[in-house]
Amino acid sequence: MKQEISQHEQIFIRDGFRLNMRSDGRQNTDPYKFAIKQGTVEEAFGSATLTFGEQDTQIICAIKAEIQKPVPSEPTKG
């Protein structure tokens, strides 16, 4: 599905590039500030939380697995 940008949105974006300013006050080349914290999910073997943006958006990633003894038919898996 193709989505088109209105003429006013195009002007807003173009003027932002020209003025080297984004709507949130950052310059065009300024990245979002972010933080990564490891070990944020106690029940997981490994986890991390990434926090970024004005609204403190969070992405949480966790890994949990059970390691078992391989069965004879699949000796390299387990």
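What list do you get for D24, D30 if you sort them by fewest beta carbons within 10 Å? Could the numbers behind the result be given before it?
Values: D24 9, D30 12.
Going from least to most buried by this count: D24, D30.
Helix-only mean residue ellipticity at 222 nm, the chain, DSSP H runs n ≥ 4 weighted -39,500 (n - 2.57), per residue, nearest 500. What is it?
-5500 deg cm²/dmol
Quick one: check the C-alpha center-to-center distance for region 26-52 versus region 7-21, whole angstrom.
That distance is 30 Å.
Can you give the FRET efficiency for E4 and F34, using 1/(1 + (r/R0)^6), R0 = 35 Å, r = Cβ-Cβ distance, to the nearest 0.05?
So, using R0 = 35 Å, E works out to roughly 0.65.
Show which aspartates and glutamates lie in cross-link reach of K37 when reach means a straight Cα distance below 15 angstrom and same-chain residues fewer than eight apart are skipped.
Candidates past the 8-residue exclusion: D56.
Select one label from [x] 22.6, 67; [y] 17.2, 45; [z] 15.5, 55: the one whose number is Rg and Dmax of the Cα atoms in Å as derived from the coordinates shown.
Working out Rg and Dmax of the Cα atoms in Å from the coordinates points to [x].
Please report the relative contact order for the chain, taking Cα pairs under 8 Å with a sequence separation of at least 6, and give it as a percent rounded to a whole number. Walk me through the numbers on the way to the answer.
Values: 76 pairs, mean separation 12.2, N = 78.
Over the chain, the number comes to 16 percent.
With +1 assigned to the C-beta of every Lys and Arg and -1 to the C-beta of every Asp and Glu, and no other charges, what is the dipole magnitude of the chain about the Cα centre in debye, to the nearest 20?
Values: 10 positive and 11 negative charges, 49 e Å.
Dipole size: approximately 240 debye.
Compute the angle between helix 7-19 and the longest alpha-carbon principal axis of the chain, please, reported from 0 to 90 degrees and rounded to the nearest 10.
For 7-19 against the chain, the angle is about 90 degrees.
All of the numbers you see were taken from the coordinates with simple rules; none came from a lab. Values in this document were obtained by computation on a predicted structure and should not be read as measured data. Reconstructed Cβ throughout: ideal geometry from the backbone, glycine too, with neighbour counts over all protein chains shown.
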